[in-house]
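Okay, structure first, notes after.
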Amino acid sequence: MTTSNNPLLESWSAPYGIAPFALVRPEHFEPALEATMAEHRRELDAIANSTATPDFDNTIAALDRSGRALARVESLLNNLTSAHTSPALQEVDRRVQPKLAAHHHAARTDAALFARIDAVYAKRESLGLDPESLRLLERLHLDFVRTGARLSPEARARLAEIAEQKATLCTQFEQNVLADEAAYALVLSTEDDLAGLPAFLRDAAKTAARERGIEDKWAITLSRSLIVPFLTYSERRDLRETAFRAWISRGENDGPTDNRPLAQKILALRAEQAKLHGYEHFSQYALVDRMAKEPSRALELLRKVWGPARSRALSERDALVREARALGYTHEIEPWDWRFFAEKVRKRRYELDESELKAYFSLDRMIDAMFDCANKLFGLRFERREDIQAYHPDVRVYEVFARDGSAVGLFLSDNFARPSKMGGAWMSEHRLQSRNGGETLPIIANHNNFAKGSPTLLSLDDVRTLFHEFGHGLHGLLSNVRFRRLSGTNVLKDFVELPSQLFEHWIEQPAVLRQHARHHATGEPIPEALVARARDARKFNQGFDTVEYTACALLDLALHSRVDAAGVNITEFEREELARIEMPAGMVLRHRLPHFAHLFASDGYAAGYYVYLWAEVLDADGFDAFIEAGDIFDPKVADRLLRYVYSAGNTIEPGAAYRAFRGRDPEVAPLLAKRGLVEDSA
C-alpha cells in the first residue's frame, strides 16, 4: 500500500482536519503507522544528531513539534478501537500496540537525544525561559527519566521488553472485557419477566433487543444504563441475580476472555518495572508524578472517607432490611437486592420515584443544558455540523466558537451504547490544541453508553455522567497553551478529574434545572417540589456509593503496593482484602479486578484510582467559590476557573493552579458534607 491509496497518509482536507472516517479501513493502519513511526524516528534523529549546541528551541520545542503525523494516526486507531471497533480492527490493534510501545520507549531512552535534553535542563535557571517553556523542559526531562533514560543499557533493554509485553496484555484485557459485554444479553420474553420495569426501561430494552436482531422481545445488556435500572426496578429477584452475576463476572469466565492470568502478568511486569527504577513497588513509582507524591498520602485521604462511608452504608443496609421485612421479604440483602430495596426506601422516605424524575431529563435537553452552562461560564457556543461525517451515524459533530466568534475546535458527542463500543464513559482527543509550529485547534470527543430510547431519558446519575465527561471535554476544548505536551488533559492524574467533577455541580443547581429539566412529553418544567425531594434524596445511599468506589481505590493501592506481585491471584487477593477492610455484607466493588479496565487496560490509573476522590476534595471545595460569590455563574470566579484550570493545561503546577483559582489550599469538609458523611448534613 502506498501513500497515494492510503487515506491515513494523505492530507485530511475535511473541516478542522478531521479524519476521513468513511474512507478508512482496518488494513490502512499498519502501513500508515509504519510510515509515520519511520518519519518520527527521522525527526528525532535530526534533533539528536544536530551539531548545534543544544538549546530550548532546537531540542525541547523541536521535540514537542515532532511526531504529529504519528500522533494523528495513533489517536485515530485508539479512538476507533474503543468507540467503534470490529474483529479486523482488533486484530490490527493487537499487532501494532507492541510496536508502538517499542517505538515510544526507544524514543524516550535514546541516549543521544536525552543527552541534549539533559544539557538544556542542566542550565535551565540561566536560560531566561518563560514559565510555560520551563514547565515543558521540566516535564519532558521527567518523561525521559521515568522511562529509564538514565538507567544502564541492560535495564533500558529490559524496560523496552516490559513495555511491549504490557502493551500486548493490556490490549487483550480491554478486548476481553468488550467481548464479554457484547456477548451477553438477558432476554425477557413475557410480562412476568418485565415485572416492575418502568416504561422508559422497557423501551430501552426493546431497542437493545432489536439492535441484536431479537424481535418482539426485550434484552438487558451489561451497559450500566440498562443493568443498573434493571437491578433497581425488576421485581424478579431470580432475574436480578442472573443479570448481576453476569455483570460482575466479566473477564472472569474460563476460556479465551479470562482476564485473570493477564492481570497477573501485568502486575508482575509493573513490579519489575518499578524495581528497575529503584522503587520497592509500583505504587511508589506511579505516585512520584502525582499530586499525592506517595501512597501514604493517598491512603490517608481514603481512610478519612472509608470510616464514615462504611458506617453510613451499614445504617443504610439496616434501613433496607426494615423495608424488606415490611414488604414481606425474609431473605438477606444480597448485592442484587441493594438497589431494588434502596429505591423502595427512597420512594417511601422522599416520595421520589426515579422513573418520575427521568421524564424531565431527556438527552437532548440535557445536552442543551450543558452547552448553556458552558456558554454562561466561558462564553462558548456550539453549532451542529451535520455536513461533517463522524465514525458512526449516532455521533453528532459540533463546531465550537468563543465569545468573540473565533473558532475553538470540534466537539464529537457519542452517547449511545452499541456492541462495537467499550462500556463506560470517557473523553478522548482526536487532536490536541497547540501553537508550537502553527495554530492547531482541538478535536475532542465525549463517549457515553446510554440506552437509546424514543426519546432517550436519563437518570440523574446518567446526567451527572454526561456533565462529567463534558467537563473533560471542556478541559480539552478550552486548552490555550503553546506546547502539545502541556495541552488539555495532559495534567497529573489526581488533577485531571477536577474539571470533570466540578462541572457536575451545575446540573444540580435549581436555576439550571428550572430552565432545562422539562417533561419530555408536555414541556412543563420540573416541579419545585420534585427538585426539593431529589435534592433531599441526593445524600441517601451515599454510604453505598462511597463504599463501592473507595473499596476499589483501597484495593488498587494495596494491589500495586505488593513487593511480591509476581504470581498474585487477583480473585483471592480481592476476597482477602475485602475481608481485611471489612466490606459491608450485601455490597461488592464498583469494578471487580477481572474487568477493572482503569487498572489493566493501560497504566493510566494503575495505583491511581484514588484520584477521583482526591479531585472530589478539590471540586467540592472549588464549587463553594461560586456559592460564596452568590452566583453560580459569577464572571470573576468563572474567569479564574478558566484561566487557572480549564485553559492552563499542564503549564502550572496543579497545587499552585488550584490556589490561584481558589485563593487557598482545598479543605476536605465540603467533600464530606456533599456526600452526607457528616452528622450535620445527614
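If Met291 meets every condition in (1) crowded, with 16+ Cβ neighbours inside 10 Å; (2) modelled with pLDDT of 95 or more; (3) in contact with an Asp or Glu (Cβ under 8 Å, 6 or more places away or on another chain) apart from one, which number is that one?
That leaves (2) as the condition not met.
Would you check if Ser296 is in contact with a helix residue (DSSP H, G or I) (Cβ under 6 Å, 6 or more places away or on another chain), small (Gly, Ala, Ser) and not in a loop (DSSP other than H, G, I, E, B)? Show your work before the answer.
Values: in contact with a helix residue (DSSP H, G or I) (Cβ under 6 Å, 6 or more places away or on another chain): no; small (Gly, Ala, Ser): yes; not in a loop (DSSP other than H, G, I, E, B): yes.
No, not satisfied.
Among the residues of the stretch 391-425, how many are on the phi > 0 side of the Ramachandran plot and modelled with pLDDT under 95? Please lay out each step first, then the result.
Kept after step one, since they are on the phi > 0 side of the Ramachandran plot, are these residues of the stretch 391-425: 405, 409, 424.
Then keep just the ones that are modelled with pLDDT under 95; that gives 424.
Looking only at that region, the number is 1.
Restricting to the stretch 528-548, give me the number of residues that are buried (at least 21 other Cβ atoms within 10 Å of the Cβ) and under 18 Å from Trp614 (Cβ atoms).
Number of matching residues: 2.
For the stretch 371-386, give me the residue count where each residue is among the charged types (D, E, K, R) and part of a helix (DSSP H, G or I). Spell out the reasoning first.
Of the residues in the stretch 371-386, the ones among the charged types (D, E, K, R) are 372, 376, 381, 383-386.
Filter once more, keeping what is part of a helix (DSSP H, G or I): 372, 376.
Of the residues in that region, 2 qualify.
Looking at Ala615, Ala585, Ala607 in this structure, which one is on the phi > 0 side of the Ramachandran plot and touching an Asp or Glu at 6+ places or on another chain (Cβ under 9 Å)?
Working: Ala615 fails: on the phi > 0 side of the Ramachandran plot; Ala585 fails: on the phi > 0 side of the Ramachandran plot.
None of the other options fit; the residue is Ala607.
Pull out all pairs, ordered by first then second residue, where Cβ-Cβ is under 7 Å, the residues are six or more apart or on different chains, the first lies in the stretch 452-474 and is in contact (Cβ under 8 Å) with a residue 40 or more places away in the chain, and the second is in a helix (DSSP H, G or I) and surrounded by fewer than 19 Cβ atoms within 10 Å (Cβ to Cβ).
Pro455/Asp364
One line per residue, one yes/no per condition, for (1) surrounded by 15 or more Cβ atoms within 10 Å (Cβ to Cβ); (2) assigned to a helix (DSSP H, G or I); (3) of a type in the set (A, V, I, L, M, F, W, C):
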residue	(1), (2), (3)
Val345	yes, yes, yes
Arg349	no, yes, no
Arg365	yes, yes, no
Ala369	yes, yes, yes
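Of the conditions (1) of a type in the set (A, V, I, L, M, F, W, C); (2) surrounded by 20 or more Cβ atoms within 10 Å (Cβ to Cβ); (3) within 21 Å of Pro261 (Cβ to Cβ), Val568 fails just one. Which one is it?
Answer for Val568: the failing condition is (2).
Go over the candidates Ser315, Ser283 one by one and state the one that is among the hydroxyl-bearing types (Ser, Thr, Tyr) and buried (at least 18 other Cβ atoms within 10 Å of the Cβ). I'd like the intermediate steps shown before the answer.
Numbers: Ser315 fails: buried (at least 18 other Cβ atoms within 10 Å of the Cβ).
One residue alone meets the criteria, Ser283.
Only one of Val512, Val481 is buried (at least 19 other Cβ atoms within 10 Å of the Cβ), touching a Ser or Thr at 6+ places or on another chain (Cβ under 8 Å) and over 30 Å from Arg317 (Cα atoms); which?
On the way: Val512 fails: touching a Ser or Thr at 6+ places or on another chain (Cβ under 8 Å).
Only one candidate passes the filter, namely Val481.
Do you know which residues across the stretch 118-130 are out of contact with any Asp or Glu (no Cβ under 7 Å at 6 or more places or on another chain), closer than 12 Å to Asp55 by Cα and either outside the structural domain of Ser66 (by TED's automatic domain parsing) or assigned to a helix (DSSP H, G or I) (or both)?
Once the filter is applied, which keeps residues that are out of contact with any Asp or Glu (no Cβ under 7 Å at 6 or more places or on another chain), closer than 12 Å to Asp55 by Cα and either outside the structural domain of Ser66 (by TED's automatic domain parsing) or assigned to a helix (DSSP H, G or I) (or both), the stretch 118-130 yields Asp118, Ala119, Tyr121, Ala122, Arg124, Ser126.
Just to be sure before I move on: is Ala511 part of a helix (DSSP H, G or I) and not assigned by TED's automatic domain parsing to the domain that holds Met366 in the structure I sent? Break it down stepwise before answering.
Details: part of a helix (DSSP H, G or I): yes; not assigned by TED's automatic domain parsing to the domain that holds Met366: no.
So Ala511 does not fit the description; no.
Conditions: (1) surrounded by fewer than 23 Cβ atoms within 10 Å (Cβ to Cβ); (2) touching a Lys or Arg at 6+ places or on another chain (Cβ under 8 Å); (3) not charged (D, E, K, R). Trp426 meets all but one. Number of the miss?
Only one criterion in (1) surrounded by fewer than 23 Cβ atoms within 10 Å (Cβ to Cβ); (2) touching a Lys or Arg at 6+ places or on another chain (Cβ under 8 Å); (3) not charged (D, E, K, R) is unmet by Trp426, namely (2).
Could you grab me the full set of residues in the stretch 395-417 that are over 25 Å from Lys452 (Cα atoms) and part of a strand (DSSP E or B)? Give the derivation first.
Initially, the stretch 395-417 is screened for residues over 25 Å from Lys452 (Cα atoms), giving 400-409.
The answer is Val400, Phe401, Ala407, Val408, Gly409.
Residue check, Arg317 against (1) more than 23 Å from the chain's Cα centre (by Cα); (2) in a helix (DSSP H, G or I); (3) closer than 22 Å to Thr465 by Cα, all met but one. Which one?
Failing condition for Arg317: (3).
From the list Leu231, Leu226, Leu262, Leu178, pick out the single residue that is touching a strand residue (DSSP E or B) at 6+ places or on another chain (Cβ under 8 Å) and buried (at least 20 other Cβ atoms within 10 Å of the Cβ).
Values: Leu231 fails: touching a strand residue (DSSP E or B) at 6+ places or on another chain (Cβ under 8 Å); Leu262 fails: touching a strand residue (DSSP E or B) at 6+ places or on another chain (Cβ under 8 Å); Leu178 fails: touching a strand residue (DSSP E or B) at 6+ places or on another chain (Cβ under 8 Å).
The conditions single out Leu226.
Quick one: which of Asp45, Asp64, Asp57 is of a type in the set (Asp, Glu), in contact with a Leu (Cβ under 8 Å, 6 or more places away or on another chain) and either surrounded by fewer than 16 Cβ atoms within 10 Å (Cβ to Cβ) or farther than 22 Å from Leu159 by Cβ (or both)? Walk me through it before giving the result.
Working: Asp45 fails: in contact with a Leu (Cβ under 8 Å, 6 or more places away or on another chain); Asp57 fails: in contact with a Leu (Cβ under 8 Å, 6 or more places away or on another chain).
Asp64 is the lone residue from the list that is of a type in the set (Asp, Glu), in contact with a Leu (Cβ under 8 Å, 6 or more places away or on another chain) and either surrounded by fewer than 16 Cβ atoms within 10 Å (Cβ to Cβ) or farther than 22 Å from Leu159 by Cβ (or both).
Going by what's in this entry, would Arg290 be described as touching a Lys or Arg at 6+ places or on another chain (Cβ under 7 Å) and either in contact (Cβ under 8 Å) with a residue 24 or more places away in the chain or not in a helix (DSSP H, G or I) (or both)?
On the way: touching a Lys or Arg at 6+ places or on another chain (Cβ under 7 Å): yes; either in contact (Cβ under 8 Å) with a residue 24 or more places away in the chain or not in a helix (DSSP H, G or I) (or both): yes.
Yes: the conditions hold for Arg290.
Looking at (1) farther than 30 Å from Thr168 by Cβ; (2) in contact (Cβ under 8 Å) with a residue 40 or more places away in the chain; (3) not aromatic (Phe, Trp, Tyr), which is the one condition that is false for Ala625?
With (1) farther than 30 Å from Thr168 by Cβ; (2) in contact (Cβ under 8 Å) with a residue 40 or more places away in the chain; (3) not aromatic (Phe, Trp, Tyr) applied to Ala625, the lone miss is (2).
Can you tell me which of Phe382, Phe416, Phe450 is aromatic (Phe, Trp, Tyr), more than 29 Å from Leu201 (Cβ to Cβ), surrounded by 21 or more Cβ atoms within 10 Å (Cβ to Cβ) and not assigned by TED's automatic domain parsing to the domain that holds Trp218? Full working, then the answer.
On the way: Phe416 fails: more than 29 Å from Leu201 (Cβ to Cβ); Phe450 fails: more than 29 Å from Leu201 (Cβ to Cβ).
Only one candidate qualifies: Phe382.
Name the single residue, out of those in the stretch 398-413 being of a type in the set (D, E, K, R) and out of contact with any Gly (no Cβ under 6 Å at 6 or more places or on another chain), that is surrounded by the most Cβ atoms within 10 Å (Cβ to Cβ). It would help to see each step written out before you state the result.
Pass one, the stretch 398-413, residues of a type in the set (D, E, K, R): 399, 403-404.
Keeping just the survivors that are out of contact with any Gly (no Cβ under 6 Å at 6 or more places or on another chain) gives 399, 404.
Values: Glu399: 17, Asp404: 6.
Within the stretch 398-413, the match that is surrounded by the most Cβ atoms within 10 Å (Cβ to Cβ) is Glu399.
Among the residues that make up the stretch 26-33, is at least one of them assigned by TED's automatic domain parsing to the domain that holds Arg72, without any contact (Cβ under 8 Å) to a residue 60 or more places away in the chain and buried (at least 19 other Cβ atoms within 10 Å of the Cβ)?
Start the filter on the stretch 26-33 by keeping residues that are assigned by TED's automatic domain parsing to the domain that holds Arg72, which leaves 26-33.
When the remaining residues are screened for being without any contact (Cβ under 8 Å) to a residue 60 or more places away in the chain, the result is 28, 31-32.
Pick out the ones that are also buried (at least 19 other Cβ atoms within 10 Å of the Cβ) and you get 28, 32.
Within the stretch 26-33 (the criterion being assigned by TED's automatic domain parsing to the domain that holds Arg72, without any contact (Cβ under 8 Å) to a residue 60 or more places away in the chain and buried (at least 19 other Cβ atoms within 10 Å of the Cβ)), the answer is yes, since at least one residue qualifies.
Criterion first (buried (at least 21 other Cβ atoms within 10 Å of the Cβ) and within 28 Å of the chain's Cα centre (by Cα)) does Ser249 satisfy it? Explain how you work it out, then say what you get.
On the way: buried (at least 21 other Cβ atoms within 10 Å of the Cβ): no; within 28 Å of the chain's Cα centre (by Cα): yes.
No, not satisfied.
Quickly run through the stretch 351-363 and pick out the residues that are among the acidic types (Asp, Glu) and surrounded by fewer than 19 Cβ atoms within 10 Å (Cβ to Cβ). Before the answer, list the steps.
Keep residues of the stretch 351-363 that are among the acidic types (Asp, Glu), which gives 351, 353-354, 356.
Those that are among the acidic types (Asp, Glu) and surrounded by fewer than 19 Cβ atoms within 10 Å (Cβ to Cβ): Glu351, Asp353, Glu356.
Restricting to the stretch 273-287, name every residue that is in a helix (DSSP H, G or I) and out of contact with any Phe, Trp or Tyr (no Cβ under 8 Å at 6 or more places or on another chain).
Keep residues of the stretch 273-287 that are in a helix (DSSP H, G or I), which gives 273-276, 282-287.
Correct list: Lys275, Leu276, Phe282, Ser283, Gln284, Ala286, Leu287.
Matching residues to (1) surrounded by fewer than 22 Cβ atoms within 10 Å (Cβ to Cβ); (2) part of a helix (DSSP H, G or I):
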| site | (1), (2) |
| --- | --- |
| Arg116 | no, yes |
| Glu132 | yes, yes |
| Arg139 | yes, yes |
| Phe144 | yes, yes |
| Ala149 | yes, no |
| Glu154 | yes, yes |
| Ile162 | yes, yes |
| Gln165 | yes, yes |
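The values are calculated or read from the model by the stated rules, or taken from the named source; none is laboratory data. Since this is a predicted model, take the numbers as computed values, not measurements. Don't worry about glycine lacking a Cβ; one is built from the backbone with ideal geometry, like all the others, and counts go over all protein chains shown.
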